[in-house]
1. Where the accessible area of the chain is counted over protein heavy atoms with a 1.4 Å probe, how much of it, in %, is carbon and sulfur?
2. Mean 1/r over all different Cα pairs, inverted: what Kirkwood radius does the stretch 6-80 give, in Å?
3. For the stretch 54-107, what is the convex hull (Cα atoms) projected area averaged across all directions, in square nanometres?
4. How do 110-117, 64-71, 23-30, 42-49 rank on mean C-beta neighbours within 10 Å, highest first?
5. Taking the solvent-accessible surface of protein heavy atoms with a 1.4 Å probe, what is the per residue accessible area of the stretch 3-119 in Å²?
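The values are calculated or read from the model by the stated rules, or taken from the named source; none is laboratory data. Please read these numbers as outputs of a predicted model, since none were measured by experiment. Cβ coordinates were reconstructed from backbone atoms using ideal geometry, including for glycine residues, and neighbour counts include every protein chain displayed. These accessible areas exclude ligands, DNA and RNA; they are computed on the full protein's heavy atoms, side chains included. Shrake-Rupley method; radii C 1.70, N 1.55, O 1.52, S 1.80 Å.
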Amino acid sequence: MNHNKLSFLPENYVSLIMSNFIRLENVTQNAVEAIEKLNAFTDTDVIDNKKFWKMPFLGKVELAEKLKELNRIGFLFVGGRDGWPPSEIFVDLREKKFLKGKFKEVTWRGPGDWIIRER
């Protein structure tokens, strides 16, 4: 378990996985080259005008390949009790043998109060 109150958000995390793209947030400059090789590009959220990285994929196999690489370079996967967060998608793909190994999940107890655990 890791906990940090110095930064409001952790660096380099997968915040959302939709049917055809992965949303990456708070990406550091040292991760940009690696995610660009995975066809990630910047986009802007229409609701809050916030910049984020978008990584398209086609199907479970490509999704698993991209999650494997994001995990390898140290990205965190958002977890939580509600909905279908990226950490649960990772677990599901691991149970179905598309992925293997451990990953790091990030959850929040409050603003700027986040925890990282290995799953």
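1. Ligands and nucleic acids excluded, carbon and sulfur give 51 percent.
2. 12.6
3. Projected over every direction and averaged, the Cα hull of the stretch 54-107 covers 3.8 nm².
4. In decreasing order of mean packing, 110-117, 64-71, 23-30, 42-49 become 64-71, 23-30, 110-117, 42-49.
5. I get 61 Å² per residue for the stretch 3-119.
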